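Below is one structure, written out as structure tokens; comments come after it.
The values are calculated or read from the model by the stated rules, or taken from the named source; none is laboratory data. Keep in mind that this is a model prediction, so the values were computed, not measured. In this analysis, Cβ positions are derived from the backbone assuming ideal geometry, glycine residues included, and neighbour counts consider all displayed protein chains. Remember, those area values only see protein heavy atoms, side chains included, never the ligands or the DNA or RNA. Shrake-Rupley method; radii C 1.70, N 1.55, O 1.52, S 1.80 Å.
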Amino acid sequence: MKSFSAKMRLKRSIFFSFSIAATLLSNKSSRFSVEAAKHQLCADPHTGAYVGLAIDVDTYDSIPTPESAVYNVTQKWALVEERDDDGPMNSFAGKFLQVEPDLGRSYPEKGQHLKRVDELWQDSPYISFELFVAKAGWHTLFLRWTGGDTIGGGDSLYATMWKGSIAKKHNVVTGQRTLKPIVVAIDSKPSTYAGCCYNVNSHACPCRLEAPPANDTECPNFIAQHQAAHFGIKCPLGPGALEFVRSPEWYLFAGQDVGNLEDFATEPWDATCEADGSNTADSGSDYASWNLEKGLYTLTIFAREDGTAFDGFYFAGPDSDAPHFRTVFATGDSTICNLPIALERGWVRVSLAIVAGLLSMLIVYVIGKQVVNRFCSEENYQQGIVFSSSRSRTATSMYDELEFNCSSSVESEKVLA
């Protein structure tokens with residue numbers, strides 16, 4: 001039988017290790033408690049589609065913009081209530097997300113064009129939904145959104161897809177290859193465009209080679225070239241000049257066919273957009289589609305203009321039908337995954353931390369037991385080696401004397417032999 005002092009040393013080592021592990025796990029639990037509040041979305045077993053609603057605040061993250069030298073205020077997608085006198089209406093549950101405060105800002109700034117999706121991380125407020133894809137194939141996005149005003153100052157956004165968690169900001173998933181007209185800045189050379197005709201409903205501004213006559217009914221809102229250039233208007237290079245968008249990183253939703261009515265119900269589900277678009281209005285020639293393998297993805301929606309309003313999305317899977325225009329959802333209808341708590345976001349890392357802590361404790365126990373067995377071996381007994389803590393002699397009030405005296409155990413073994 002091992003001596004009492006050896007047992008005490010082993011127990012205290014294990015207890016000390018357990019205390020450290022418990023402290024670390026406590027810290028990790030508090031760190032992940034906020035993250036665990038966001039649930040992943042899975043496909044509805046009946047429709048094969050994913051539904052994410054603004055009203056279900058536990059299904060997404062809303063990340064604000066940092067303050068800039070020009071705008072000394074942060075902007076974010078905030079959950080707001082419908083107002084009877086002003087603002088978007090006919091949301092599913094009387095609340096929707098809107099980029100606030102509305103300062104007339106765009107991302108990038110007016111006159112600039114987006115070149116890489118990575119540019120949005122530091123500039124544009126965004127919302128992100130985590131999707132667990134169980135069936136591989138093509139998935140198509142339908143948005144329920146509207147402009148935040150009736151003058152076209154807040155009616156555009158970007159839809160993007162990312163592999164894995166939102167923390168991995170460089171794993172963008174590209175969409176389906178498509179074609180688009182080659183466009184150039186309206187004032188670029190050798191461009192001969194005189195200006196463009198602005199449409200107050202769609203916000204498109206088709207370029208014109210000649211200025212229209214005064215009071216022209218077909219072009220009542222003509223914008224001269226130099227003014228159009230200030231707003232970043234682009235024009236086709238020429239008839240039949242096309243280019244491939246081989247791997248679109250984002251889809252631009254800008255303007256709707258019904259115009260700016262601040263009404264979610266007028267165009268309940270919008271699917272038309274522009275791949276890698278960056279104009280005042282999208283072309284409406286593309287659909288936001290991604291060929292996804294099984295695994296975890298993050299749908300991220302960036303604001304292109306503040307004031308833009310979002311009510312929800314319908315993400316059709318490989319076997320899904322398009323949403324019916326009369327499809328209505330209510331609070332709690334987001335398709336949250338029915339996963340065990342240990343598999344939900346955040347708790348996976350907590351579970352791994354617990355397992356790592358337990359393994360650390362086991363390693364400490366095994367090593368401690370080997371040390372005790374070594375010190376209490378027959379060889380050490382015959383050599384008359386006795387170990388004791390020097391600290392215990394100098395600071396008995398702080399440390400107990402820990403002495404490995406194996407004589408009793410060895411004598412017992414001789415008697416039994």
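Some notes on this structure:
- Taking the accessible area of region 214-272, probe 1.4 Å, and keeping the other protein chains in place, the carbon and sulfur fraction comes to 51%.
- Treating r as the C-beta distance of A241 and E119 and R0 as 25 Å, the FRET efficiency rounds to 0.45.
- The length gained by stretching the chain between T266 and D85 to full extension, at 0.36 nm per residue less their Cα-Cα distance, is 63.4 nm.
- Checking the cross-link pairs K95/K180; K95/K234; K76/K163; K38/K234; K115/K189 against a 32 Å limit on the alpha carbon distance flags K95/K180; K95/K234; K38/K234 as lying beyond it.
- Once the Cβ-Cβ distance of R326 and T217 is raised to the sixth power relative to R0 = 22 Å, the FRET efficiency obtained is 0.05.
- Under 5 Å, built H, 5+ apart or other chain: amide partners of D61: S128
- Cα gyration tensor shape of region 209-345, rounded if a/c is under 1.5, else prolate or oblate by comparing a/b with b/c: prolate
- Tensor-based shape of region 50-197 (alpha-carbon gyration tensor, a/c under 1.5 rounded, otherwise prolate or oblate): oblate
- Think of a 1.4 Å ball rolled over the protein heavy atoms: region 79-163 then has 41 Å² of accessible area per residue.
- Cα-based Rg of region 114-266 normalised by 2.2 N^0.38 Å, two decimals: 1.24
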